[in-house]
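Bear in mind these aren't lab numbers, they're just calculated from the coordinates by the rules spelled out. Just so it is clear, the structure is predicted and the values come from calculations on it, not from any experiment. Here Cβ is always computed from backbone atoms with ideal geometry, including for glycine, and neighbour counts include all displayed protein chains.
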Amino acid sequence: MHLASIPASRPPLFFVLALASCTSGGTPAAGEAKEVQRVEHAIDLSGEWNDVDSDLVAKEVIGDCLSAPWLETWTAAHSGEKPVVRLYPLKNRTVAYIDYRYFTKQIEAALVRSGKIEVLASLEELEDEEGEVARPAKAEEGADFVMNGVIVSQEDKVETQEVIAYLTSVELLEVATNKKAWVGQKRIRKLIKR
């Protein structure tokens, strides 16, 4: 029997049964959770990079950046002015998927909250819906510093054990001189037993 020949007033039995099982406590639909808990403690399910790693990197980088001598030195040399920083995307040179924005947004918020640094919109934030960037003639225009960096990893495996070491390196480049005013790093090493 062809489905087009079934009257609209009478849907096929298999369709009714499938719909009933999805809406009346039957098998959960794809992606539907059976149980959800809110947790505050660290959870590492796969051993891959996760939110805990991003939080550790952000915390380390923020503390180091705001306490390093570059800030006081630059401010003193510029009559008490606050330095202006534009954050660039961090390059992910690992095999893992890492959304760098998870920790760069934390860094950006901390820099703004510190009251010691002014932060410009990132080039990503200046993109319109078509992906065009309404950028100044030079991407660094208006910034005294650009913050960028890289995430790299190294792996070591033996039978059922694996060690993955991630290194996140973030730096501030002074736009006028191209000198590195500050470099912050955070290393995370994970032992994974399979």
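Quick one: Karplus J couplings for region 147-156, per residue in order, coefficients 6.51, -1.76, 1.60, θ = phi - 60°, nearest Hz, x for Gly and Pro?
After applying 6.51 cos²θ - 1.76 cosθ + 1.60, I find 10, 9, x, 8, 10, 10, 9, 9, 10, 9 Hz.
In terms of Cα to Cα distance under 13 Å, which aspartates and glutamates are near enough to Lys193, apart from those fewer than 8 places away along the same chain?
Asp44, Glu48, Asp156, Glu159, Glu162
Modelling each spin label as a point 7 Å along the Cα-to-Cβ direction, I'd like the Tyr97/Gln185 distance in nm, to one decimal.
With each label placed 7 Å out from Cα toward Cβ, I get 2.9 nm.
Once amide H atoms are built 1.01 Å from N in the peptide plane, which residues 5 or more positions from Val119, or in another chain, come under 5 Å H to H?
Amide H to amide H, under 5 Å and 5 or more residues apart or across chains, Val119 pairs with Val85.
Each residue of region 106-116 in order: what ³J(HN,Hα) in whole Hz does its phi give by Karplus 6.51 cos²θ - 1.76 cosθ + 1.60, θ = phi - 60°, with x for Gly and Pro?
Each residue of region 106-116 in turn: 5, 5, 4, 4, 5, 5, 5, 4, 5, x, 9 Hz.
Explain nothing, just compute: Karplus ³J(HN,Hα) = 6.51 cos²θ - 1.76 cosθ + 1.60, θ = phi - 60°, for every residue of region 162-170 in order, whole Hz, x for Gly and Pro.
Result, rounded to whole Hz: 9, 10, 10, 10, 10, 10, 10, 10, 10.
Subtract the Cα-Cα distance of Ser67 and Asn148 from 0.36 nm times their separation in residues, and report this length gain in nm to one decimal.
27.3 nm
Using the structure shown, select from Lys82/Lys190; Lys105/Lys180; Lys34/Lys157; Lys59/Lys91 the pairs with a Cα to Cα distance greater than 30 angstrom.
Violating the 30 Å limit, Cα to Cα: Lys82/Lys190; Lys34/Lys157.
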